[in-house]
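J.: Handing you this structure, nothing more for now.
Just so it is clear, none of the values below were taken in a lab; they were calculated from the coordinates. Since this is a predicted model, take the numbers as computed values, not measurements. Using ideal geometry, Cβ is built from the backbone for each residue, glycine included, and neighbour counts are taken over all protein chains shown.
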């Protein structure tokens, strides 16, 4: 606690509405009697510029060093008041607020009790203010370069957009060429551009972009450091090297997997998976035997991703266009909730693709090399339909690539139930990971179609740009701090931190202690709660502050 | 990028997301909204959580609105429409037609005196439309305000402690470097599907009606009797996947909201029976497959869209549909029918397209220049965000809004070099 406390209390009666309920001058008189209270002012409109300028002047003139505002909800104007306090030359964290409007006068009809509660609230805020501590702003310089893992369409697009924003990127791809799924897909329906064309345009943009450094046949092994200054260990061929990056974008995509147990069928020359079909369509000329009738089966596994149904729709049309013949798609619920998919579905039907919907899984048998499919067509009153087919295409499920799972766990990133990367907040920050400065884009974290993946690419590019463009990041230094004298280095906090913001450090060349990285810390306070030695203190919510509030509350309850 | 400004047309969730990202990058943003407050359609939707969150994302909207209200880089211009534009990228001149809103957001302190004193009863003529508004300003409802009914009332103006109410406000002109169009969508008008009875039978509601009812915190009751509904039917794809009415696309939101509402109705009264009539249930998306599985335990799913809804008595509706299992027409009675109306392009998109010189594409949504770029229009410097380009849910609209901001920043950065 500061020895020389000069508390200033600013009351707001909200345009006079609250003064009608209670006598503000009586509150003011009571407050003035409290120790250390240097100034008490009543305003009618503290939320407006004019009153805030007056408040700033009062803080300066009266030499106030702790500010208490009793007004409406901090949700509405706390940031404004912090700015006022700062502009008056006092640290912006030396502000404490009491919500006497929403939480008191608006909530309670009994005027006397409300007035009593308001006094308690203001008193608590004052007590808390006594123990407030300044939090200094500092700037940390960062490496203005972004590492992108995964050279599929999402990674390529993110690199191009970052290059448009004048930020350097390194694009790491484990295979020998960029492109990812663009190299495997035969078409990109409902997008009416061929994958070859898209790839050629994008590669041209990559080559033209001054700031893109492409590393193919390379892999990310490990990352140390924190946001702004990650150092990444990258393996290429037999060599290994370490480079520094300000931010990392994961665009590792997905891979497909076929499980034969679902069908009880083994793959053969006329029972193939969707990716095998894709290969067949892609390698155009050399098909020995043109299939006369092709059947797609999807929706049998419990998988609810877009990948398999979209692949069936795309390639049903692809086959029809290429080989003609009979094409039939068997599904439960056709997924059309994406841009242009309903139209694609209609195009397929117009071209003669037959869609059969089932509730009970179709029975597939193979006799003398011939495939027979029996299915109850629900749109035909459950009539039993028998379909002979030359080529059966079975669905695949989308799964995360093994190496992306391994990377996720080595970098302390969360994974979801299927092993894809888990976003920090699915709604609010859909491309942010639990670690500051590490982002996800595309199908490595969500079930997206091409256009959505491109949206993701733009969004991560912008996030990385806004993080690094200034070359430095403003940060509140030691808003949560570890007392090295109390720390016993039990590692509890390091294990508990959801953002991997706590690392080990050596003090005075001997003792190992936990150290919180200011840039990575989100100020959640979990470490302070779990620390058995009470060595960690969040400056805005220290034990002293909370106990001081409770002490006063005790007088009223 | 200092001193450059961008115009965002439309204060819905996509426009707000664009504005926030641009402001973060140092742009001066004019967020122009035709209504008296920002937030758009999603701000009027309800939370659909039962005992657990159903991830409808509606709660993101007030949060974004508060961020806009607190951001000094964003000037919110309400009650205004774009009526003219000249110049090009880097130097657009935009004419705004500003309808007077009568309450000055710069001065209003949201104290509530005006509502308290307003003599209009029972519905007040001036009020705060909902708790999280931006600008945080009371609005005058011309349908209720006595002054607009011809009376010489001046109570609110005389008593406003901040002097924020002024019945004589004037129009504006803006100079901006780029424009983002985020004018949103229109909910499909279910009356266009006359046989389903919306607007004729009191117990036929739309998904939007349910949003409004739950948003006011009420529980759903039958409009005819005030009783709790016991047997409810949802009809999917009303105004979506329907080439005959010109909407040959999937609205992408209805399956999810219908299932969330069905769960919510059963949460409200556990004995309520719910049937969902559908074409294909759209279950793609993280965690949604599990939600569908959960729904199947308590909700009956029937394949096929009913052809007609008839009113047998004020409290009984008959739904006529083809029973696919028997291949016959079946009739079932329900006490409440909810039509899952979809996303339709705004009917006035044509006017804005003409003013801005941008193209309309399939079904009346705004068109893009390049198939792989869902933001750029045929006019350099004018970009699209959100549902004015095609159907999207709330998180996707937010993402698309941010993408539009990203494209603006990239385009203006390239120009600066």
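J.: Could you give the semi-axes, largest first, of the ellipsoid that matches segment A:7-133, computed as the square roots of 5 times the alpha carbon gyration tensor eigenvalues and rounded to whole Å? The partial results should precede the final answer.
T.: Working: eigenvalues 95, 47, 34 Å².
The three semi-axes for segment A:7-133 are 22, 15, 13 Å.
J.: Give me A:436, A:78 sorted ascending by neighbouring Cβ count inside 10 Å, so fewest comes first.
T.: On the way: A:436 22, A:78 17.
Ascending number of Cβ neighbours within 10 Å: A:78, A:436.
J.: Relative to the longest principal Cα axis of chain A, at what angle does helix A:307-323 sit, 0 to 90 degrees, rounded to 10?
T.: 30 degrees
J.: Tell me whether segment A:259-394 comes out rounded, prolate or oblate; compute the Cα gyration tensor, take square roots of the eigenvalues as a ≥ b ≥ c, and use a/c under 1.5 as the rounded threshold.
T.: Taking the square roots of the gyration eigenvalues as a ≥ b ≥ c, segment A:259-394 is rounded.
J.: Just need log10 I(q)/I(0) for segment A:421-552 at q = 0.11, 0.14, 0.20 Å⁻¹, Debye formula, equal scatterers on the alpha-carbon atoms, no solvent, rounded to two decimals.
T.: With one equal scatterer per Cα and no solvent, log10 I(q)/I(0) is -0.53, -0.76, -1.11.
J.: Of all beta bridges DSSP finds with both residues in the protein assembly as shown, what is the antiparallel percent, to the nearest 5?
T.: Details: 82 of 163 bridges.
Just about 50 percent of them are antiparallel.
J.: Which value at 222 nm does chain A reach when only helices count, each DSSP H run of 4 or more adding -39,500 (n - 2.57), with the total divided by all residues and rounded to the nearest 500 deg cm²/dmol?
T.: -9500 deg cm²/dmol
J.: Using only Cα atoms, find the angle between the long axis of helix B:60-70 and the longest principal axis of chain B, and express it within 0 to 90 degrees, rounded to the nearest 10.
T.: For helix B:60-70, the angle is close to 10 degrees.
J.: What is the order of A:128, B:136, fewest Cβ neighbours within 10 Å to most? Each step should come with its number before you reach the end.
T.: Details: A:128 24, B:136 20.
If I rank by nearby Cβ atoms, fewest first, I get B:136, A:128.
J.: When the convex hull of the Cα atoms of the protein assembly as shown is projected onto a plane and the area is averaged over all directions, what value comes out in nm²? Let's see the in-between values first.
T.: Details: hull surface 178.6 nm².
Over every viewing direction, the Cα hull of the protein assembly as shown projects on average to 44.6 nm².
J.: Springs between alpha-carbon atoms under 10 Å, Gaussian network over chain B: tell me which of B:215, B:344, B:385 tops the mean-square fluctuations.
T.: Of B:215, B:344, B:385, the Gaussian network model singles out B:215 as fluctuating most.
J.: Further question on the same structure: Which order results if A:368, A:112 are arranged by neighbouring Cβ count within 10 Å, fewest first? Working shown, then result.
T.: Numbers: A:368 4, A:112 9.
Listed from fewest to most nearby Cβ atoms, that is A:368, A:112.
J.: For chain B, what is the mean residue ellipticity at 222 nm derived from helices alone (per DSSP H run of n ≥ 4: -39500 (n - 2.57); sum divided by total residues; nearest 500 deg cm²/dmol)? Numbers along the way, then the final one.
T.: Details: 9 runs with 99 residues, N = 417.
Calculated from helices alone, the mean residue ellipticity at 222 nm is -7000 deg cm²/dmol.
J.: Same structure, new question: So what is the relative contact order of segment B:312-417, in percent, for Cα pairs below 8 Å that sit 6 or more residues apart?
T.: Numbers: 114 pairs, mean separation 15.7, N = 106.
Normalised by residue count, the contact order of segment B:312-417 is 15 percent.
J.: A further question on this structure: Calculate the mean, over all residues of peptide B:401-414, of how many other protein chain Cβ atoms lie within 10 angstrom of the residue's Cβ.
T.: Working: counts 2, 9, 9, 2, 3, 13, 4, 0, 9, 11, 1, 0, 5, 3.
Across B:401-414, the average partner-chain Cβ count within 10 Å equals 5.
J.: Counting only other chains, what is the mean number of Cβ atoms within 10 angstrom of the Cβ of each residue in peptide B:106-113?
T.: Working: counts 2, 3, 4, 11, 6, 12, 5, 5.
Neighbouring Cβ atoms belonging to other protein chains average 6 per residue here.
J.: Right, something else. Working from the alpha-carbon coordinates of segment A:478-541, get Rg over Rh, Rh being the Kirkwood radius.
T.: Values: Rg = 10.5 Å, Rh = 11.5 Å.
Reported Rg/Rh (Cα atoms, Kirkwood Rh): 0.92.
J.: Mind checking the angle between helix A:195-208 and chain A's longest principal axis? C-alpha axes, 0 to 90 degrees, to the nearest 10.
T.: 50 degrees
J.: Dividing the convex hull volume of the alpha carbon atoms of chain B by its residue count, what do you get in Å³ per residue?
T.: Details: hull volume 66.4 nm³, N = 417.
Spread over its residues, the Cα hull of chain B gives 159 Å³ apiece.
J.: What is the mean projected area of the alpha carbon convex hull for segment A:1-71, to one decimal in square nanometres?
T.: Here the figure is 4.8 nm², rounded to one decimal.
J.: Continuing with the same structure: Determine the principal axes of the Cα atoms in chain A, then give the extent along each, sorted from largest to smallest and rounded to whole angstroms.
T.: Cα extents, longest axis first: 99, 61, 44 Å.
J.: Then there's this: How crowded by other chains is A:456-464, given as the mean number of beta carbons from other chains within 10 Å of each beta carbon? All intermediate terms of the calculation are to be shown ahead of the outcome.
T.: Values: counts 3, 2, 13, 10, 2, 4, 10, 3, 0.
Going residue by residue through A:456-464 and averaging, the value is 5.
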